[in-house]
Amino acid sequence: MNGENSQSIYSRYQKALIARWLSCLEAVILFLLEWIPTPLGRVLRRIGYPLIFAELGNAAYIRPGVEFVGTAKIKIGDLISLHRGVRIRSLNTNSNVVIANKVSLDRGVDIKSNLGEIKIGNRAYVGPYTCISGGDITIGDNCLIASHCGIYANNHGFDDPLVDIIDQKSTFQGIAIEDNCWLGSGVKVLDGVTIGKGSIVGAGAVVTKNIPPYSVAVGVPAKVISHRQVNSQPPVEKASAGI
């Protein structure tokens, strides 16, 4: 039993040493490469960044001034474009960030994963100074997220008036923005919401409840004002009778 305990302690010690070494490697590489201007910086980042990321795809265009924290829990796909001022942070052992292929994050986009997974689908565009933060968040394929949006998959407790707000527990329900959605400038999406496939949310709206697929929603709180027509399947041509 003592031998098993010693082995377990040694294993944890090894894991802690590896984690510390990877953290130091991440800090050194980011410090050396983060701010080197392109095109030289692009080449050097392409060489150095695969050493520290969980996954880094081909032809990733990462401009100078893009900040990362927790790169061992960040996966980046092919043909992505990250503009200056983008910040991507995975802050805990059970949090991660996944960015799929052909994603573009414009200037100043801030992504922070506290708990669970933040995933951005293929060919999605996220506009300048949008904040994506909290627990599980999924943004589907072919989505357009305009500037200054806020997508917050957490909610801070306030039930007990005798306890300071900062000391009350947070909840993390998660957010899903399904494929082919368009969020206008300044839209806020709150925790626990699903925005259905093909939906449009007007500028400045605050989404507090689920939005059905192919809806158009506006206002504070957001309300559905119309539905987009979904093309039905084309009619099957009747075969002509042969003679």
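Considering only the stretch 184-215, state which residues are of a type in the set (A, V, I, L, M) and in a strand (DSSP E or B).
Answer for the stretch 184-215, where residues must be of a type in the set (A, V, I, L, M) and in a strand (DSSP E or B): Val189, Ile195, Ile200, Val201, Val206, Val207, Ile211.
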**OP:** Would you tally the residues in the stretch 72-119 being in contact with a Phe, Trp or Tyr (Cβ under 7 Å, 6 or more places away or on another chain) and touching a residue at least 40 places away in the same chain (Cβ under 8 Å)?
**Re:** 2
Subject >> Pair list, Cβ under 7 Å, 6 or more apart: the stretch 191-212 residue farther than 13 Å from Ala176 by Cα, other residue loosely packed, with under 15 Cβ neighbours inside 10 Å and not hydrophobic (A, V, I, L, M, F, W, C) >> reply: Ala205/Gly219; Val206/Pro221
Original post:
So which residues in the stretch 168-182 are closer than 19 Å to Ser133 by Cβ and in a loop (DSSP other than H, G, I, E, B), if there are any at all?
Top reply: Gln168, Lys169, Phe172, Gln173, Gly174, Cys181
Original post:
Before we move on, is Gly85 surrounded by 17 or more Cβ atoms within 10 Å (Cβ to Cβ), over 13 Å from the mean Cα position of the chain (by Cα) and not polar (S, T, N, Q)?
Top reply: yes
**OP:** Tell me, yes or no, whether the stretch 190-212 has at least one residue that is modelled with pLDDT of 95 or more, surrounded by 14 or more Cβ atoms within 10 Å (Cβ to Cβ), closer than 24 Å to Ile88 by Cα and of a type in the set (D, E, K, R).
**Re:** yes
Original post:
Can you find even one residue in the stretch 57-71 that is surrounded by fewer than 20 Cβ atoms within 10 Å (Cβ to Cβ), within 24 Å of Val189 (Cα to Cα) and either among the basic types (Lys, Arg) or without any contact (Cβ under 8 Å) to a residue 12 or more places away in the chain (or both)?
Top reply: no
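Could you check the stretch 145-167 and list, in sequence order, the residues that are outside any loop (DSSP other than H, G, I, E, B) and among the hydroxyl-bearing types (Ser, Thr, Tyr)?
Tyr152
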Original post:
Going by the conditions given, is Asp141 over 18 Å from Leu190 (Cα atoms), free of Cβ contacts under 8 Å to residues at least 60 places away in the same chain, surrounded by 13 or more Cβ atoms within 10 Å (Cβ to Cβ) and of a type in the set (D, E, K, R)?
Top reply: yes
**OP:** Test Val163 against the criterion of being crowded, with 20+ Cβ neighbours inside 10 Å, out of contact with any Pro (no Cβ under 9 Å at 6 or more places or on another chain) and more than 20 Å from Leu115 (Cβ to Cβ), and give yes or no.
**Re:** no
**OP:** Please state which one of Gly174, Gly186, Gly192 is on the phi > 0 side of the Ramachandran plot and touching a strand residue (DSSP E or B) at 6+ places or on another chain (Cβ under 6 Å).
**Re:** Gly174
**OP:** Only residues that are out of contact with any Gly (no Cβ under 7 Å at 6 or more places or on another chain) and over 24 Å from Ser95 (Cα atoms): list them for the stretch 145-164, please.
**Re:** Phe158, Asp159, Asp160, Pro161, Leu162, Val163, Asp164
Original post:
Quick check, is Asp141 within 27 Å of Ile211 (Cβ to Cβ), among the acidic types (Asp, Glu) and in a loop (DSSP other than H, G, I, E, B)?
Top reply: yes
Subject >> Breaking point among (1) among the small types (Gly, Ala, Ser); (2) touching a residue at least 40 places away in the same chain (Cβ under 8 Å); (3) surrounded by fewer than 20 Cβ atoms within 10 Å (Cβ to Cβ), for Gly127 >> reply: (3)
Original post:
What are the residues in the stretch 97-118 that are within 19 Å of Asn155 (Cα to Cα) and either more than 9 Å from the chain's Cα centre (by Cα) or not β-branched (Val, Ile, Thr) (or both), if any?
Top reply: Asp110, Lys112, Ser113, Asn114, Leu115, Gly116, Glu117
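The values are calculated or read from the model by the stated rules, or taken from the named source; none is laboratory data. Note that the structure is predicted; figures quoted are calculated from it, not measured. Here Cβ is always computed from backbone atoms with ideal geometry, including for glycine, and neighbour counts include all displayed protein chains.
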